[in-house]
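Visitor: I'd like to ask you about the structure that follows.
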Amino acid sequence: MRRLAAFTVIAAALAGCSEPASESGTVVLDEYTIDLSGSVFTGDAVSLAVENAGEFAHTLVVTRRDGSAVAATATVPPGSTAELVLDLEPGEYQVSCRIVVQLADGTIIDHYEQGMVESLRVESR
Ligand SMILES: [Cu+2]
């Protein structure tokens with residue numbers, strides 16, 4: 001918990017925010033799951049620690065219900081953690097991994113299709 005709080009302040013400072021993020025959470029990416037520490041956030045800004053516990057690279061993309069993206073990490077290598085600070089209007093969002101790879105035999109592996117998609121609800125205070 002103490003480590004997450006420190007991350008929150010640092011991430012907010014890096015993003016140029018005048019106030020620290022008011023809520024934090026963790027997201028664990030794996031093959032092929034997205035594990036959110038909680039799906040409802042109430043803060044104005046939410047700092048997510050996005051950990052890749054898998055053996056492949058993953059991303060975390062936050063989209064509105066119409067599919068438009070509002071935030072995204074860079075590609076998160078296996079064993080790494082990325083910080084993502086969200087400042088979202090109240091509403092329903094989706095978080096997903098957008099990695100798609102084609103194997104040598106032509107097989108396409110779409111992480112979204114494999115199950116890397118979850119819902120995220122932001123409520124007003
Ligand atoms: Cu992925």
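The values are calculated or read from the model by the stated rules, or taken from the named source; none is laboratory data. Quantities reported herein were computed from a predicted structural model and do not represent experimental measurements. Here the Cβ positions follow ideal geometry from the backbone for every residue, glycine too, while neighbour counts run over all protein chains shown. SASA here: full protein model, heavy atoms, side chains in, ligands and nucleic acids out. Shrake-Rupley method; radii C 1.70, N 1.55, O 1.52, S 1.80 Å.
Visitor: Along each of its three principal axes, how wide is the spread of alpha-carbon positions in segment 36-114, in whole angstrom units, largest first?
Guide: Largest first, segment 36-114 extends 46, 29, 18 Å along its Cα principal axes.
Visitor: Now a separate question. What is the spin-label model distance, in nm, from Phe56 to Ile108 if the labels are put 7 Å beyond Cα along the C-beta direction?
Guide: Here the answer is 1.4 nm between the modelled labels.
Visitor: Taking 0.36 nm per intervening residue step and subtracting the Cα-Cα distance, what contour gain separates Glu123 from Asp35 on full extension?
Guide: Gain in length upon complete extension: 29.7 nm.
Visitor: Here's another thing I want to ask about it. Suppose each label sits 7 Å from its Cα in the direction of the beta carbon; what would the Val101-Thr42 distance come out to in nanometres?
Guide: For Val101 paired with Thr42, the spin-label model returns 4.1 nm.
Visitor: Roll a 1.4 Å probe over the protein chains and send me the accessible area per residue for segment 38-90 in Å².
Guide: Per residue, segment 38-90 has an accessible area of 48 Å².
Visitor: Here's a follow-up. Summing Lys, Arg as +1 and Asp, Glu as -1, what charge do residues with Cβ under 14 Å from the Cβ of Ile109 carry, Ile109 excluded?
Guide: Counting the neighbours of Ile109, the net charge comes to -4.
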